[in-house]
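For reference, the structure is listed below as structure tokens.
The values are calculated or read from the model by the stated rules, or taken from the named source; none is laboratory data. Predicted model only: the values in this text are computed from it and were never measured. Cβ placement follows ideal geometry from the backbone for every residue including glycine, while neighbour counts extend to all protein chains displayed.
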């Protein structure tokens with residue numbers, strides 16, 4: 001006869017989300033951001049979490065970990081703790097743990113602590129090895145850093161199928 005549930009939500013209560021935990025690089029664990037293939041960003045991109053870029057960025061990219069898709073383009077500098085690059089970049093790359101895939105085409109200077117270049121990966125610029133101290137400083141945002149390196153053109157097996 002009387003309905004005591006009037007105005008009440010019948011759904012079971014959801015438990016609160018667990019608090020986000022910070023990783024050592026400042027990125028939030030389990031979080032990532034994606035710029036899809038249809039996205040064009042004009043301006044700088046800064047991410048506290050991991051970042052996956054499949055679209056086009058016309059500006060600088062700064063993040064903890066970067067995954068770049070083969071069809072993506074970045075026109076600006078890239079700074080990250082780790083990166084797996086597969087697309088086109090026109091600008092300076094400063095990454096501690098760097099993997100350049102066979103489809104990558106980089107036009108600009110590259111600074112790294114550890115680097116892997118797959119057969120067919122293309123770099124048109126200077127390569128400079130960073131010490132562990134320099135690499136740690138690269139992870140912290142700061143002003144522009146001078147680049148001292150010897151000119152080098154690397155084109156690992158450009159004729160590979």
Over the range 39-57, the set of residues over 11 Å from the mean Cα position of the chain (by Cα) and either at pLDDT below 95 or surrounded by fewer than 17 Cβ atoms within 10 Å (Cβ to Cβ) (or both) is 39, 40, 41, 42, 43, 44
Only unsatisfied item for residue 128, checking (1) in contact with a strand residue (DSSP E or B) (Cβ under 6 Å, 6 or more places away or on another chain); (2) modelled with pLDDT under 95, is (2)
The residue that is farthest from the chain's Cα centre (by Cα), considering only those in the range 116-127 that are surrounded by fewer than 18 Cβ atoms within 10 Å (Cβ to Cβ) and assigned to a strand (DSSP E or B), is 124
The correct count of residues that are surrounded by 20 or more Cβ atoms within 10 Å (Cβ to Cβ), over 10 Å from the mean Cα position of the chain (by Cα) and assigned to a strand (DSSP E or B) in the range 58-92 is 2
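Tell me the residue from 27, 104 that is modelled with pLDDT under 95 and either surrounded by 12 or more Cβ atoms within 10 Å (Cβ to Cβ) or more than 22 Å from residue 120 (Cβ to Cβ) (or both), please.
Values: 104 fails: modelled with pLDDT under 95.
Exactly one of 27, 104 is modelled with pLDDT under 95 and either surrounded by 12 or more Cβ atoms within 10 Å (Cβ to Cβ) or more than 22 Å from residue 120 (Cβ to Cβ) (or both), namely 27.
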